[in-house]
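J.: Here you go, one structure.
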Amino acid sequence: MASFVGSAAQLMAKAPVQGKANGALATSMRRTVKKTAPDSMWYGPDRPKWLGPYSEGATPSYLTGEFPGDYGWDTAGLSADPETFKAYRETELIHARWAMLGIFSEEGLDYLGNPSLVHAQSILAILGCQVVLMGAIEGYRVGGGPAGEGLDALHPGGDYFDPLGLADDPDTFAELKVKEIKNGRLAMFAMFGAYVQAIVTGKGPVENWLDHLADPFVANGFATGFATKFSP
C-alpha cells in the first residue's frame with residue numbers, strides 16, 4: 001500500500017513537468033503566418049486612388065498597391081514594363097529626397113550673415129559640386145559599401161541608416177515610406193515653384209513671401225506677367 005501511494009505521489013509530481021514539456025512542444029510547433037501586405041489603408045486594392053470613388057476601371061492592372069505612393073495613376077502606361085516601373089520608382093524617390101533637402105536650404109541658410117559664403121556664385125561651380133558629391137553618393141548607394149552591404153538600395157535601414165530604430169516595426173516602416181514619398185512629391189513641386197519665382201523676381205521664396213505679406217496687392221503672381229529678372 002505504501003509503495004502504491006509512493007508511486008502515485010511520484011506520478012503527480014511529474015505531471016506538471018510533463019504538461020510544461022507538452023506545452024513547450026506545442027508552442028515550438030506553432031506555425032507562424034507571414035503577412036503578405038502591410039496593415040495600412042495606403043496599400044492593397046482598397047487604397048485611396050487618384051479619382052477617388054470614380055477610379056473603378058481607371059487603374060491599370062499592374063498598379064496593385066504593393067508599393068508606397070501608388071494611387072493607380074498611369075494614363076500613359078509609362079510603368080507597364082516591370083523593369084521600367086522599378087527604374088521610375090527609384091528615380092522618383094531619389095529626386096524626392098534631394099528636393100526635400102533642397103527646398104529646406106532654398107534660401108541658402110544664411111546663418112552667418114554673409115550671402116557670399118553660401119549663395120551660389122557660379123553655375124559651373126554648382127555643376128561641378130553636384131557631379132562630384134551627388135555622383136559619389138549615388139555610386140556608393142547603388143554599388144554598395146561597408147555601411148550598406150547587403151541592405152536594400154532604396155530603404156537600407158540598419159544601424160547606420162536607421163540608428164534610432166524608427167522603422168523596426170514593419171507596419172510603421174510601411175507608413176513612413178508613404179509619408180516620405182508624399183512629402184517628397186510636394187517638395188519637387190515646391191522646388192519647381194522656387195525656380196520659377198527666381199526667374200521672374202530674382203529673389204528666393206522666403207523673400208518673395210515677405211514681400212507679398214508687406215504688399216499683397218502688388219507683390220503677387222498676377223502683378224508680373226513676364227520674367228524680368230532672368231539671367232542665364
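J.: Please state which one of 196, 131 is without any contact (Cβ under 8 Å) to a residue 60 or more places away in the chain and under 17 Å from residue 94 (Cβ atoms).
T.: Selected residue: 131, the only one of 196, 131 that is without any contact (Cβ under 8 Å) to a residue 60 or more places away in the chain and under 17 Å from residue 94 (Cβ atoms).
J.: Would you check which residues across region 195-216 are part of a loop (DSSP other than H, G, I, E, B) and closer than 16 Å to residue 99 by Cα and list them? Lay out the reasoning, then the answer.
T.: Restricting attention to region 195-216, the residues satisfying the condition of being part of a loop (DSSP other than H, G, I, E, B) are 202-204, 215-216.
Once the filter is applied, which keeps residues that are part of a loop (DSSP other than H, G, I, E, B) and closer than 16 Å to residue 99 by Cα, region 195-216 yields only 204.
J.: Open to solvent by 40 Å² or more (accessible area, probe 1.4 Å) and more than 15 Å from the chain's Cα centre (by Cα) - does that describe any residue in region 181-188?
T.: The answer is no, given that none of the residues of region 181-188 is open to solvent by 40 Å² or more (accessible area, probe 1.4 Å) and more than 15 Å from the chain's Cα centre (by Cα).
J.: Another question, if that's okay. State which residue is nearest to residue 49 (Cα to Cα) when the search covers only region 163-180 and only residues that are of a type outside the set (D, E, K, R) and open to solvent by 40 Å² or more (accessible area, probe 1.4 Å).
T.: Once the filter is applied, the top-ranked residue is 176.
J.: Please go through region 112-141 and give me each residue that is at pLDDT below 75, part of a helix (DSSP H, G or I) and open to solvent by 90 Å² or more (accessible area, probe 1.4 Å), ordered by number.
T.: Across region 112-141, the qualifying residues are 117, 123.
J.: What pairs come up if the first residue lies in region 66-86 and is open to solvent by 70 Å² or more (accessible area, probe 1.4 Å), the second is assigned to a helix (DSSP H, G or I), and their beta carbons are under 8 Å apart, counting only those six or more places apart or on different chains?
T.: That search, which allows pairs on different chains as well, returns 78/84; 78/88.
The values are calculated or read from the model by the stated rules, or taken from the named source; none is laboratory data. Predicted, not measured: the structure shown is a model, and the values here were computed from it. Cβ coordinates were reconstructed from backbone atoms using ideal geometry, including for glycine residues, and neighbour counts include every protein chain displayed. These area figures cover heavy atoms from the full protein model, side chains too; ligands, DNA and RNA do not enter into them. Shrake-Rupley method; radii C 1.70, N 1.55, O 1.52, S 1.80 Å.
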